[in-house]
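S.K.: Below is a structure I'd like to ask you about.
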Amino acid sequence: MNGDAREYWAFISYSHRDSRVAAALQRALETYRLPHRLVGTTTAIGEVPAFVKPVFRDRDEMEAGADLKATVREALAQSRWLIVVCSPEAARSPWVNREIVEFKQLHGEARVLACIAAGEPFASRMPGREAEECFPEALRYAFTPQGLSRGTELEPVAADLRPQGDGKHLAMLKLVAGMVGVGVDALARRDAQRRARRLAAITATSLAGMAVMAVLTVMAVQSRNDAQSQRAQAEDLIEFMLGDLRRKLDPVGRLDVLDSVGEKALGYYAKQDADRLDANSLGHRSRAMHLIGEARERRGKLDEALVAFRSAADTTAQLLARSPGDGQRIFDHAQSVYWVGYIAWRRGEAQSAEEAFLKYRDLAQQLIRIDASNIDWQLETVWANHNLGVVQLDRGSWVEALRSFTEAKSVRSRLVRTRPALAFELADSHGWIAKTHEAAGDYQGAVDAQGDRLETLRSMTDSAKDRRIQQQIGNANYELGRLQLHLGSPRTAKPHAQAALGQAEALVSSDPANLFWLADFCIARLSLAEIQFALGERELARAGVQDAMALLARLISSDSSVMNWQTKYGRGLALKARLALSEGRALPIAEIESFLATVGALESRGKQLTADQASIVADATLALGDLLGRASQRKAAGRHWRSAIDRLLPLANRENFPALTLLARAQLRLGRLAEARATAARVERSNYRHPAYADLVNELSRGTGPRSVQLRSREKPDVDNSASYSNYGN
């Protein structure tokens, strides 16, 4: 084992709800010293070490929809063993499953160890008890020759932390024995002998000092005042809350009880003079507030979560004021400030979120001034700028957002030389810069940034086999195809769209059960169909729309509440309507009516549309109006055109040229010529030359609008006017 140069003995994979169990397991493994008589002996695995450390445990929870971070992937590659903390939450966690798959792909199946914290092994095979399953799917099945976790069923032997199982100590010994290659019985026997010798020594020492301790104890009891007694009780309660109680309540979701206990503990601190509390007490207080804040955030009580995180920030600020040069105190306070900003952003309070993230960035920069060589602290500045850029982009502050994303990119560009795995996150910076250029109406700047993103991804050494990189390469090509279409260059857009579709198809073939990849395939197929329609390739476009919508219907049937899938289906319907109008085919009126009713029902239940999703729904609404107009139902058509305008007007204040184009067309249909001309003039001043804008210009020039509006397409020969992008003849 000495010949193994990997940095970590083990990587602990766990659900966020099992974080306390994982932390305790990490401490137990790293502090356990193997019996002296075993150290240095040779087993089938290698030489037995004195300690199995370090052990890696990722402390950050990934966001929904996110892929594995570069730091996690690097740690998996540098770990000898993978230990999976198994529970019903872990079995349902896509992130735990991804970590298992990633580790198996790197190191094979033999170096994965299971550790049961809750639930029941193989409950998924027991009718009625499927929810109790504790083993993630990738742990229950072997890999197929294609690298999928769908092979033969496995029977993993697991250490069992539960009282009815091995118990904490024996379970830990089983894991150690498995990692160093010794028998559990031999290790347990030697460990018991060592503990017995240690207990005898402690007993002898205790007897010698018992008289002194008795005297000291009596003196301590007599001198303890009421305040000290209350503090001890509060500290014990908080430790119990942060430890045992959370481990018991988290698996059953009793966050309300946990919140209540925390409130009682903190009620004590509210009566105390904060200036007289020591650093340990203040640290307990901030940890308790973080716990309560996270519990409230998970329950959707954002207002109450913000109160908790602000209180934690007040406490960490006090600790920082006592030790202003302490890097750990600065780091702790930065995390509190981050949570305040995050909750403000979740609540839609963009200005408050921006103020918090600015402060978070200032704290990260303080860390750099303390130790500029600390790469982890340099990465704190990256995430601070990234978070700030997201908020600024949401607020329409494009100059500030571009500055924030560019600063994050600059640090990543510098660090990637020493940490090549950061290239993936560097590509992400290029992607956000592209989004910012696009939001500001600078489509060429967005194309250039997406090109940098694509080049960075392709330069990564494992780009040919890493599916995460392959997915992002496909997405970058999709974005380039979409942006080139916005610039009026469908022929330039087509190769990018075809590359994106090919990449998405390859990923779906490798794992047909991956719904994220299937959604990417549908979006890429619709994008190519839109470009084919612009080029007059109607049959290809019609076939593409049909294929994509069939697959989107499958996605929606699996979870109809995913708004992104619903709106992409609406995008397909709008394109289908344009094809039907241009070819004189049957009009999909009922389909679009059903789609709009579904979206309305989701919105009534609290679902909110993003700007892009609102534009898609408005496009489908406009298309329905045109279909009804073709069917001579003018009154119903007008109602839908007005509805489209209502959705698009909130987007008109920004440089959202696709939305402005739709708005002008809806205004034109209702006879609002002056409004349509003014809206079209705003688009004319930009470099947005999507075929839909060409149709708007044609409609205006046919006598219903100003002939002074001239189309400046970069690729006029690409636009087949006989196959108008949306030949709406009302």
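S.K.: So for THR144, THR436, fewest C-beta neighbours within 10 Å to most, what's the order?
M.R.: Ordered from fewest to most neighbouring Cβ atoms within 10 Å, THR144, THR436 come out as THR144, THR436.
S.K.: Sticking with this one: Place a +1 charge on the Cβ of each Lys and Arg in the stretch 8-195 and a -1 charge on the Cβ of each Asp and Glu, then give the dipole magnitude about the Cα centre in debye, rounded to the nearest 20.
M.R.: That gives the stretch 8-195 a dipole magnitude of about 780 debye.
S.K.: In cubic angstrom, how much convex hull volume per residue do the alpha carbon atoms of the stretch 364-454 span?
M.R.: Taking only Cα atoms, the stretch 364-454 has a hull volume of 76 Å³ per residue.
S.K.: Which residue, PHE516, GLN532, ILE473, has the largest displacement toward the positive end of the dipole of the stretch 449-601 when charges sit on each Cβ (Lys, Arg +1; Asp, Glu -1)?
M.R.: Farthest towards the positive end: GLN532.
S.K.: Continuing with this model, one more query. How large is the charge dipole for the stretch 579-640, taken about the Cα centre, if only the Cβ atoms of Lys, Arg (+1) and Asp, Glu (-1) carry charge, to the nearest 20 debye?
M.R.: Once rounded to the nearest 20, the dipole reads 260 debye.
S.K.: I'd like to know which of ALA408, SER397, TRP432 lies farthest towards the positive end of the charge dipole of the stretch 364-454, counting +1 on Cβ of Lys and Arg and -1 on Cβ of Asp and Glu.
M.R.: Of the candidates, ALA408 comes out farthest on the positive side.
S.K.: Can I ask one more? For a quick check: sort THR41, THR381, THR406, THR315 by the number of other beta carbons within 10 angstrom, fewest at the front.
M.R.: Arranged by neighbour count, lowest to highest, THR41, THR381, THR406, THR315 become THR41, THR406, THR381, THR315.
S.K.: Okay, moving on. Cα gyration tensor of the stretch 8-195, axes a ≥ b ≥ c as square roots of the eigenvalues: rounded (a/c below 1.5), prolate (a/b > b/c) or oblate?
M.R.: Cα axes put the stretch 8-195 in the prolate bin.
S.K.: Counting other beta carbons within 10 Å of each residue's own, what order do SER489, SER286, SER701 fall into, fewest first?
M.R.: By the 10 Å Cβ count, ascending, the order reads SER701, SER489, SER286.
FYI, it's all coordinate maths here, none of it is from the lab. Predicted model, so just to flag it, every value in this text is computed and none were measured. As a convention, Cβ positions derive from the backbone with ideal geometry for all residues, glycine included, and neighbour counts pool all protein chains shown.
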